[in-house]
Amino acid sequence: MANAASSSISQTELLAIPLHLVLPLPCSESECLGINREHILCHASSYAFLVLIANIEEYAPIVYTPTVGLVCQNYSGLFRRPRGMYFSAEDRGEMMSMVYNWPAEQVDMIVVTDGSRILGLGDLGVQGIGIAIGKLDLYVAAAGINPQRVLPVMIDVGTNNEKLLNDPLYLGLQEHRLDGEEYLAVIDEFMEAVFTRWPHVIVQFEDFQSKWAFKLLQRYRNMYRMFNDDVQGTAGVAIAGLLGAVRAQGRPMIDFPKMKIVVAGAGSAGIGVLNAARKTMARMLGDTDIAFESAGSQFWVVDANGLITEGREKIDPDALPFARKIKEANRQGLREGASLVEVVRQVKPDVLLGLSAVGGLFTKEVLEALKDSTSTRPAVFAMSNPTKNAECTPDEAFSIVGDSTIFASGSPFKDVDLGNGHIGHCNQGNNMYLFPGIGLGTLLSGSRIISDGMLQAAAECLAAYMTDKEVLEGIIFPSISSIRDITKQVAAAVIKEAIEEDLAEGYREMDARELRKLSHEDIESYVENNMWSPEYPVLVYKED
Ligand SMILES: NC(=O)C1=CN([C@@H]2O[C@H](COP(=O)(O)OP(=O)(O)OC[C@H]3O[C@@H](n4cnc5c(N)ncnc54)[C@H](O)[C@@H]3O)[C@@H](O)[C@H]2O)C=CC1
Ligand SMILES: CC(=O)C(=O)O
Ligand SMILES: [Mg+2]
């Protein structure tokens, strides 16, 4: 303690360490006073998370979209230290032993990517590790997952990005991506390795190209505790937003099956949303086969080749259930491949939802066509990331479609001053409102798998979070400043559903039988008590 005054590290100095360069491993010694360089970094991490949590609105756009996109694009040049594990195609046969190289005894959450579709920025190869790091920063900040128990993972199977293949600074394998059975063998080996070392870990798949996102989800979802954030997390957030858009018209949620929805983008996110929205409508209509069929007719899907109909050659099997019948499209004055503006003109949808990764796709013409929507409050969801990929800005939506528009975007925008004392609310419609609660709820329930019911419970909880007054003002998603509270509630809803489905096996001393005895309030307290919070340790320099 002798030199504490002269050599202690100021908070300001610690805060100056950029969030993206700080290790997610705080010091585990609660009484730690003797500080060496490693400990300084560890404590800096605690400080960084404290700052992140206290100023989440300001810093989420740095650790997450949009800045994380820029970080990924430049990662090879910015690289300082690994910050996660890298399993490459060349490590085949070695992953089971490699996984024991990770220093943490216990890992609760893994976010894994193969870098093949990072936000809307395409194939960034190993540089995509930044998105796994950013999502896990949110797990720590929003869900209170202990930062010593998170593991960002990159599976390096090459890249098809020619620029990276020719970049001497590129850190990953400079060869084209593995495909087919060879690719699957790498992912299988990784899954077996991590679940062997940490049987209770949860693995979040992130930013895999659509081609693999659905296949891997189907392959593993009944075997492991895993989910795909882009397919399932995004779907839940979109459902919550769509239900908000119904309520914002002053209508009950049960009117959701009457909504006409045009979706631009039929990739992992778009198809995930379509499947979940259709199932939600069908449930509201009585959960019969007829209800499911009828719900399908509320959607019009446009991809890079225009309106998808059954006349499409080589139609993607995942999009097939949403292809319009040709006769039906013709009756509506549409045809296979009709442009987005034609579709919006003819359908006059209640909601125009973009998950296309094409910035500016909702042009003036498209938004003008939406003015003829049959809805009293048309909704524009420009959900693509990062900011430059948003299908339109809130200014464009409010100025062209009108002041009563409901607007949400994947990346944050500022609210719009509509003049005359009114505000056009810009909601952030991003899976960050759900994935931390899905992960935390699964962890604390000890559920064997992540069921559709658990995901639905998460979405319904988010939808119910907003009051009628807020929704009528156009606020359909909460402010990110309440993300810890939202996450707690989402996690509690997930646990409750896991108990109801008899999937919950318990966590630590809270076994399945004890879990079943808990009331809703008890479950919320249980969640809160298990959320990690950073604490300020005393920082003094110890002389050797
Ligand atoms: N807000 C959120 O929480 C989330 C947003 N996203 C964003 O969604 C976007 C798409 O992600 P994925 O579906 O995984 O990508 P993807 O690459 O699998 O799919 C993109 C889809 O957009 C279509 N498309 C391309 N050009 C188009 C055009 N001119 N008109 C209409 N459709 C067009 C493609 O044909 C394809 O169907 C990305 O920007 C991503 O950042 C993804 C997940 C969550
Ligand atoms: C938000 C997210 O997961 C994405 O844009 O891919
Ligand atoms: Mg994603």
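The values are calculated or read from the model by the stated rules, or taken from the named source; none is laboratory data. Just so it is clear, the structure is predicted and the values come from calculations on it, not from any experiment. Cβ: placed from backbone, ideal geometry, glycine included. Neighbour counts: every protein chain shown. Remember, those area values only see protein heavy atoms, side chains included, never the ligands or the DNA or RNA. Shrake-Rupley method; radii C 1.70, N 1.55, O 1.52, S 1.80 Å.
In the set ILE450, ILE499, ILE475, which member is open to solvent by less than 20 Å² (accessible area, probe 1.4 Å) and either in a helix (DSSP H, G or I) or in contact with a helix residue (DSSP H, G or I) (Cβ under 9 Å, 6 or more places away or on another chain) (or both)? Break it down into steps so the answer makes sense when it comes.
Values: ILE499 fails: open to solvent by less than 20 Å² (accessible area, probe 1.4 Å); ILE475 fails: open to solvent by less than 20 Å² (accessible area, probe 1.4 Å).
So the residue among ILE450, ILE499, ILE475 that is open to solvent by less than 20 Å² (accessible area, probe 1.4 Å) and either in a helix (DSSP H, G or I) or in contact with a helix residue (DSSP H, G or I) (Cβ under 9 Å, 6 or more places away or on another chain) (or both) is ILE450.
Count, please, the residues in the stretch 188-223 that happen to be part of a loop (DSSP other than H, G, I, E, B) and under 19 Å from the mean Cα position of the chain (by Cα). Full working, then the answer.
Going residue by residue through the stretch 188-223, those that are part of a loop (DSSP other than H, G, I, E, B) are 198-201, 206-209, 221-223.
Keeping just the survivors that are under 19 Å from the mean Cα position of the chain (by Cα) gives 201, 206-209, 221.
Total satisfying the criteria: 6.
Just one of the listed residues (GLU524, GLU543) is part of a helix (DSSP H, G or I) and open to solvent by 20 Å² or more (accessible area, probe 1.4 Å), namely GLU524. Could you say whether any residue in the stretch 69-81 is over 21 Å from TRP212 (Cβ atoms), within 16 Å of ligand 2 (Cβ to nearest atom) and β-branched (Val, Ile, Thr)? Scanning the stretch 69-81 turns up at least one residue that is over 21 Å from TRP212 (Cβ atoms), within 16 Å of ligand 2 (Cβ to nearest atom) and β-branched (Val, Ile, Thr). A Cβ distance below 7 Å, combined with a sequence gap of six or more or placement on separate chains, defines the contacts here; from the stretch 111-127, residues that are touching a residue at least 24 places away in the same chain (Cβ under 8 Å) and over 16 Å from ALA390 (Cα atoms) reach residues that are open to solvent by 10 Å² or more (accessible area, probe 1.4 Å) and near ligand 2 (Cβ under 10 Å from one of its atoms) in the pairs ASP123/ARG117. Exactly one residue among PHE205, PHE214, PHE227, PHE195 is within 16 Å of ligand 1 (Cβ to nearest atom) and open to solvent by 20 Å² or more (accessible area, probe 1.4 Å), and that residue is PHE214.
Would you be able to tell me the number of residues in the stretch 409-441 that are in a loop (DSSP other than H, G, I, E, B) and either within 15 Å of the chain's Cα centre (by Cα) or within 13 Å of ligand 1 (Cβ to nearest atom) (or both)? Before the answer, list the steps.
First, the residues of the stretch 409-441 that are in a loop (DSSP other than H, G, I, E, B): 410-415, 420-421, 425, 429-430, 434.
Among the residues that remain, those that are also either within 15 Å of the chain's Cα centre (by Cα) or within 13 Å of ligand 1 (Cβ to nearest atom) (or both) are: 410-413, 429-430, 434.
Looking only at that region, the number is 7.
Checking the conditions here, which among TYR183, TYR139 is within 14 Å of ligand 2 (Cβ to nearest atom) and either within 25 Å of the chain's Cα centre (by Cα) or open to solvent by less than 10 Å² (accessible area, probe 1.4 Å) (or both)? Quick ask: steps written out before the conclusion?
Working: TYR183 fails: within 14 Å of ligand 2 (Cβ to nearest atom).
Only one candidate passes the filter, namely TYR139.
For the stretch 244-269, residues that are open to solvent by 10 Å² or more (accessible area, probe 1.4 Å), among the hydrophobic types (A, V, I, L, M, F, W, C) and away from ligand 2 (no atom under 16 Å from the Cβ) total 2.
Within the stretch 58-86, being closer than 17 Å to LEU136 by Cβ and open to solvent by less than 30 Å² (accessible area, probe 1.4 Å) holds for ALA60, VAL63, TYR64, THR65, VAL68, GLY69, VAL71, CYS72, TYR75, ARG83, GLY84, MET85. Among all residues of the stretch 285-295, there is none that is within 16 Å of ligand 1 (Cβ to nearest atom), of a type outside the set (Ser, Thr, Tyr) and open to solvent by less than 30 Å² (accessible area, probe 1.4 Å). Based on what the data block shows, is ASP230 under 23 Å from LEU78 (Cβ atoms) and either assigned to a strand (DSSP E or B) or within 16 Å of ligand 3 (Cβ to nearest atom) (or both)? Here the answer is no, as ASP230 does not meet what is asked. Of the helices (runs of 4 or more DSSP H) lying entirely inside the stretch 39-151, the ones with 1 or more residues being among the basic types (Lys, Arg) are found at 129-143.
Conditions (1) over 16 Å from ALA238 (Cα atoms); (2) in contact with a Leu (Cβ under 9 Å, 6 or more places away or on another chain); (3) not small (Gly, Ala, Ser), marked per residue:
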position	(1), (2), (3)
ALA457	no, no, no
LEU462	no, yes, yes
GLU473	yes, no, yes
SER482	yes, no, no
VAL494	yes, yes, yes
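Given the criteria touching a helix residue (DSSP H, G or I) at 6+ places or on another chain (Cβ under 8 Å), more than 16 Å from ligand 3 (Cβ to nearest atom) and not in a helix (DSSP H, G or I), does GLU182 qualify? For GLU182, the condition - touching a helix residue (DSSP H, G or I) at 6+ places or on another chain (Cβ under 8 Å), more than 16 Å from ligand 3 (Cβ to nearest atom) and not in a helix (DSSP H, G or I) - is not met. Got at least one residue in the stretch 157-167 being within 16 Å of ligand 2 (Cβ to nearest atom) and open to solvent by less than 10 Å² (accessible area, probe 1.4 Å)? So far as the stretch 157-167 goes, no, none of its residues is within 16 Å of ligand 2 (Cβ to nearest atom) and open to solvent by less than 10 Å² (accessible area, probe 1.4 Å). Scan the stretch 234-252 and give yes if some residue there is within 21 Å of SER116 (Cβ to Cβ) and within 16 Å of ligand 3 (Cβ to nearest atom), otherwise no. Within the stretch 234-252, one or more residues are within 21 Å of SER116 (Cβ to Cβ) and within 16 Å of ligand 3 (Cβ to nearest atom). Here the condition is being small (Gly, Ala, Ser) and farther than 23 Å from VAL490 by Cα; of GLY115, GLY144, it holds for GLY115 alone. Looking at the stretch 478-495, I want the residues that are crowded, with 24+ Cβ neighbours inside 10 Å and have a partner that is polar (S, T, N, Q) with Cβ atoms under 6 Å, at least 6 apart or on another chain. Which pairs are those? Close Cβ pairs (under 6 Å, with a partner that is polar (S, T, N, Q)) amount to ILE495/SER445.
In the stretch 377-422, which residues are among the β-branched types (Val, Ile, Thr) and without any contact (Cβ under 8 Å) to a residue 24 or more places away in the chain? Working first, answer last.
Going residue by residue through the stretch 377-422, those that are among the β-branched types (Val, Ile, Thr) are 380, 387, 393, 400-401, 405-406, 416.
Across the stretch 377-422, the qualifying residues are THR393, VAL416.
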